[in-house]
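Visitor: I'd like to ask some things about the structure below.
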Amino acid sequence: MGRGTAMMGPAHSLSGAAAWLGVGAAAAAAGHAMPWPVLVVGALITAGAALAPDLDHKSATISRAFGPVSKVLCGIVDDLSHAVYKATRGPGDPRRNGGHRTLTHTWLWAVLIGAGASAAAVFGGRWAVLGILFVHLVLAVEGLLWRAARVSSDVLVWLLGATSAWILAGVLDKPGNGSDWLFTGPGQEYLWLGLPIILGALVHDIGDALTVSGCPILWPIPLGRKRWAPLGPPKAMRFRAGSWVELKILMPAFMVLGGVGAAGALNFI
């Protein structure tokens, strides 16, 4: 990813995991504590999902995560995003040569992807659940353990993702461990899997909004003459990716917040 345009993968994954653990703490405080497998699996899914919006970037972490398959997919999503941008841009939106940080960096994309994952989990059965877990656990490894992942064989990372997905699905399937967390009706097992995916995508977008280029989170809602308005704090408060702000302040803060969230979710505080 270009320096100065987007947050780095590890920061996205850390922020995603911290966000889910914070949700776990809030749920516990409201009297609806998550079973610990939901807390763990949800944090890992969110960490992985927080990398997924960069599917529109051919040099992003996700483009390398699944070998040629993810490379080709990133190219397709980049072209799709560019086509959608050209078809919907407002009179105030500039011309672009690519689709990075457009369609996949919006609230609508996050909701659609999360809803699609939930539908797949409910109607696709166990293999669909395993597939969702595998993809996001591989991405979580790439984001959270990025140093080890870079020097390791892709096959080893895939094996770790597949093995972890199989084990965690088995744990969740046990009564009381959370396959029916939040949605308890017949046939609604794993309906909640879309929630950490939505959260991860939105956390990614918010993180990118803090960088110098901003992020068009609200598309397709128009803002003035723009449909792809790059939102973010005042320019003076934004930072460049890989700068000391991200490395020395944000990433340690995400670790601390994640720890506090986990403690709250498990009723340790």
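The values are calculated or read from the model by the stated rules, or taken from the named source; none is laboratory data. These numbers were taken from a predicted model, which means no experiment stands behind them. Note that each Cβ is placed from the backbone with ideal geometry, even for glycine, and that neighbours are counted across all protein chains shown. Note: accessible area is taken over every heavy atom of the protein model, side chains too, but ligands, DNA and RNA are not part of it. Shrake-Rupley method; radii C 1.70, N 1.55, O 1.52, S 1.80 Å.
Visitor: Examine region 151-162 for a residue that is open to solvent by 40 Å² or more (accessible area, probe 1.4 Å), out of contact with any His (no Cβ under 8 Å at 6 or more places or on another chain) and among the charged types (D, E, K, R), and state whether such a residue exists.
Guide: yes
Quick grid of which residues meet (1) closer than 28 Å to residue 87 by Cα; (2) assigned to a helix (DSSP H, G or I); (3) modelled with pLDDT of 85 or more:
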| site | (1), (2), (3) |
| --- | --- |
| 192 | no, yes, yes |
| 199 | yes, yes, yes |
| 228 | yes, no, yes |
| 236 | no, yes, no |
| 245 | no, yes, no |
| 259 | no, yes, yes |
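Visitor: Based on this model, can you work out whether residue 96 counts as within 16 Å of the chain's Cα centre (by Cα) and modelled with pLDDT under 95?
Guide: Values: within 16 Å of the chain's Cα centre (by Cα): no; modelled with pLDDT under 95: yes.
Judged against the criteria, residue 96 is not a match.
Visitor: Follow-up question, since we're still on this one. Any idea which of 106, 61 is modelled with pLDDT under 90 and of a type in the set (Val, Ile, Thr)?
Guide: 61
Visitor: Within the set of pairs 6+ apart or on separate chains, which have a first residue in region 55-83 that is more than 23 Å from residue 11 (Cβ to Cβ) and in contact (Cβ under 8 Å) with a residue 24 or more places away in the chain, a second that is open to solvent by 30 Å² or more (accessible area, probe 1.4 Å) and not basic (Lys, Arg), and C-beta atoms under 6 Å apart?
Guide: Listed pairs, sorted by first residue: 67/154.
Visitor: Considering only residues of region 165-180 that are under 23 Å from the mean Cα position of the chain (by Cα) and open to solvent by 40 Å² or more (accessible area, probe 1.4 Å), which is nearest to residue 195 (Cα to Cα)?
Guide: 180
Visitor: OK, next. Scan region 7-29 for residues that are at pLDDT below 90 and open to solvent by 30 Å² or more (accessible area, probe 1.4 Å) and jot them down.
Guide: Once the filter is applied, which keeps residues that are at pLDDT below 90 and open to solvent by 30 Å² or more (accessible area, probe 1.4 Å), region 7-29 yields only 8.
Visitor: Now, a different point. If you go through region 131-155 one residue at a time, how many are within 20 Å of residue 41 (Cα to Cα) and part of a helix (DSSP H, G or I)? First the steps, then the outcome.
Guide: Taking region 131-155 as the starting set, the residues that turn out to be within 20 Å of residue 41 (Cα to Cα) are 131-146, 149.
Keeping just the survivors that are part of a helix (DSSP H, G or I) gives 131-144, 146, 149.
Going through region 131-155 one residue at a time, the tally reaches 16.
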